[in-house]
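One structure is given below, encoded as structure tokens.
The values are calculated or read from the model by the stated rules, or taken from the named source; none is laboratory data. Note that the structure is a prediction, hence the values are computed from the model and not measured. Ideal geometry is used to build each Cβ from the backbone, glycine not excepted, and the neighbour counts take in all protein chains shown.
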Amino acid sequence: MASLNKVMLIGHLGKDPEIISFENGTKKMSVTLATTERYRDRNGEWAEQTDWHNLVAWGNLALDIAEKRRNYIKGDMIYVEGRLKTRQYVDNQNVTRYVTEVLVDKMMSMGTKRAQNNPEQANASYNSYQQTAQTYQQPVNAYQQPAATYQQQPMPTYQPQPMLQPQMPDPGYDGDDLPF
């Protein structure tokens, strides 16, 4: 039987993403994400419990964050999809430690603290992408004209065609002209 390892989280970044570059050109992004659950305790008072998750991204996602095509900062609300991975290592005191991380496949901004203070920065990831995309626009070819230079043609009017009346065969027709 098949198994499934899927994680979906929505929370706030605990710090700015850290990028590590390796000798072979590979990049690794790591950051922490806080998810908070609110509930009423036995006394009817609101209580909160915050869990911290270690996020790790490799490949294109880490490259986009490193090159600021995706601009995430501490406090941003983020939607994350990925899978759980537990790894082990030996620390300085020769003690084996285990770390569980979320290997991120998708990461999307859902809102920022910047948006509350500066509406122009409401979606900084998208804005930075648009600024980058504008620098790579192709020049307009000579045969292309801006839309404003075209003359607007009047819309043709619909003129219904008269309906054809079905023709009935001659009453004296016996159907003898058929080839079979």
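For this structure, a couple of remarks:
- Screening TYR158, TYR150 for residues that are modelled with pLDDT of 60 or more and exposed (fewer than 10 other Cβ atoms within 10 Å of the Cβ) leaves exactly one candidate, TYR158.
- For region 2-19, a residue qualifies if it is within 18 Å of the chain's Cα centre (by Cα) and of a type in the set (Lys, Arg), and exactly one does: LYS6.
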